[in-house]
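Participant: Could you have a look at this structure, given as structure tokens, before my questions?
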Amino acid sequence: MTDDPYAALRRLDALHPDLYLLTAVCMTSALAYHGLGDAVPEQPMDLAAPRGIHVPVRARLDGIAWHAFGGRSFEVGREEHAEGDGFPVFIYSAERAIVDAYRLKRYMGHEAGPAALARWRPADDTQVGVLMLMAMQTNATLRQLLRDLPSSMATGKGPDR
């Protein structure tokens, strides 16, 4: 086992750089990256590609769990972060990761969304708006997210008021 959490991504980039540029770290892996979920080192990195993109057999590497996300919503919240050595990691923002935890609860578990929202520390009210906008752009069911948001803020687990 390697100490580099991005070893599988580096292998993918070396083998298929054009494909790597189209991906995003998602779901449980994105939550862990942003400190909103617990990383499980033995678990493969969740990696999204736009629905319809062919993932060659050689790109189906150990350490990567592939997911297909819808074309229009794929880019919503996708960011590029540079690791210490400058390696680019394409990953969904904290807000998108929370939205996906609610949207994909049948895959991520029913508690992933509320737990991530409770850990989330938005810098200001604009980030709450960004969260709501991303939920609408990805067709997430907002009812539970809206129910959980006020309670997380009321308990001091949201932005300081």
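The values are calculated or read from the model by the stated rules, or taken from the named source; none is laboratory data. Quick caveat, the model's predicted, so the values are computed rather than measured. So basically every Cβ, Gly included, is an ideal-geometry build from the backbone, and we count neighbours across all protein chains shown.
Participant: Can you spot a residue in the stretch 71-81 that is in contact with a Pro (Cβ under 6 Å, 6 or more places away or on another chain) and either modelled with pLDDT of 95 or more or closer than 24 Å to residue 6 by Cβ (or both)? Can you show your working first?
Facilitator: Kept after step one, since they are in contact with a Pro (Cβ under 6 Å, 6 or more places away or on another chain), are these residues of the stretch 71-81: 71, 74, 80.
So of that shortlist, the ones also either modelled with pLDDT of 95 or more or closer than 24 Å to residue 6 by Cβ (or both) come out as 74, 80.
Scanning the stretch 71-81, I find at least one residue that is in contact with a Pro (Cβ under 6 Å, 6 or more places away or on another chain) and either modelled with pLDDT of 95 or more or closer than 24 Å to residue 6 by Cβ (or both), so the answer is yes.
Participant: Separate question: Of everything in the stretch 1-19 that's assigned to a helix (DSSP H, G or I) and not hydrophobic (A, V, I, L, M, F, W, C), which residue is surrounded by the most Cβ atoms within 10 Å (Cβ to Cβ)? Lay out the reasoning, then the answer.
Facilitator: The first filter runs over the stretch 1-19 and keeps only residues assigned to a helix (DSSP H, G or I), leaving 7-15, 17-19.
After this cut, where a residue has to be not hydrophobic (A, V, I, L, M, F, W, C) as well, the list is 10-11, 13, 17-18.
Details: 10: 16, 11: 16, 13: 18, 17: 9, 18: 7.
Among residues in the stretch 1-19 that are assigned to a helix (DSSP H, G or I) and not hydrophobic (A, V, I, L, M, F, W, C), the one surrounded by the most Cβ atoms within 10 Å (Cβ to Cβ) is 13.
Participant: Then there is this: With the condition kept exactly as written, say whether any residue in the stretch 111-123 is surrounded by 12 or more Cβ atoms within 10 Å (Cβ to Cβ) and in contact with a Pro (Cβ under 8 Å, 6 or more places away or on another chain).
Facilitator: Yes - at least one qualifying residue is present in the stretch 111-123.
Participant: Considering only residues that are surrounded by 17 or more Cβ atoms within 10 Å (Cβ to Cβ) and at negative phi, which ones fall in the stretch 20-34?
Facilitator: 20, 23, 24, 25, 26, 28, 29, 30, 31, 32, 33, 34
Participant: Here is a follow-up. Can you tell me which of (1) over 30 Å from residue 143 (Cβ atoms); (2) modelled with pLDDT under 95 is the one residue 32 doesn't meet?
Facilitator: Only one criterion is unmet by residue 32, namely (1).
Participant: Run residue 127 past the list (1) loosely packed, with under 15 Cβ neighbours inside 10 Å; (2) over 16 Å from residue 69 (Cβ atoms) and report the number of the one that doesn't hold.
Facilitator: It is condition (1) that residue 127 fails.
Participant: What's the number of the condition residue 42 fails, among (1) loosely packed, with under 13 Cβ neighbours inside 10 Å; (2) touching a helix residue (DSSP H, G or I) at 6+ places or on another chain (Cβ under 8 Å); (3) closer than 27 Å to residue 16 by Cα?
Facilitator: (2)
Participant: Same structure, new question: Just one of the numbered conditions (1) over 12 Å from the mean Cα position of the chain (by Cα); (2) under 30 Å from residue 129 (Cα atoms); (3) in a loop (DSSP other than H, G, I, E, B) is not true of residue 35; which one?
Facilitator: (1)
Participant: Now for a different question. Is there any pair linking a residue in the stretch 75-99 that is hydroxyl-bearing (Ser, Thr, Tyr) to one that is in a helix (DSSP H, G or I), with Cβ under 6 Å and at least six apart or on different chains, and which?
Facilitator: Matching pairs, first to second residue: 92/30.
Participant: What helices (runs of 4 or more DSSP H) lie completely within the stretch 56-143 and have 1 or more residues being under 27 Å from residue 16 (Cβ atoms) and of a type in the set (Lys, Arg)? Show your work before the answer.
Facilitator: Numbers: elements: 71-74, 94-103, 105-108, 112-119, 125-137.
Where helices (runs of 4 or more DSSP H) fall fully within the stretch 56-143 and carry at least 1 residues being under 27 Å from residue 16 (Cβ atoms) and of a type in the set (Lys, Arg), they are 71-74, 94-103.
Participant: Kindly list the number of the only condition in (1) part of a loop (DSSP other than H, G, I, E, B); (2) more than 15 Å from residue 109 (Cα to Cα) that fails for residue 40.
Facilitator: Going through (1) part of a loop (DSSP other than H, G, I, E, B); (2) more than 15 Å from residue 109 (Cα to Cα) one by one, residue 40 breaks only (2).
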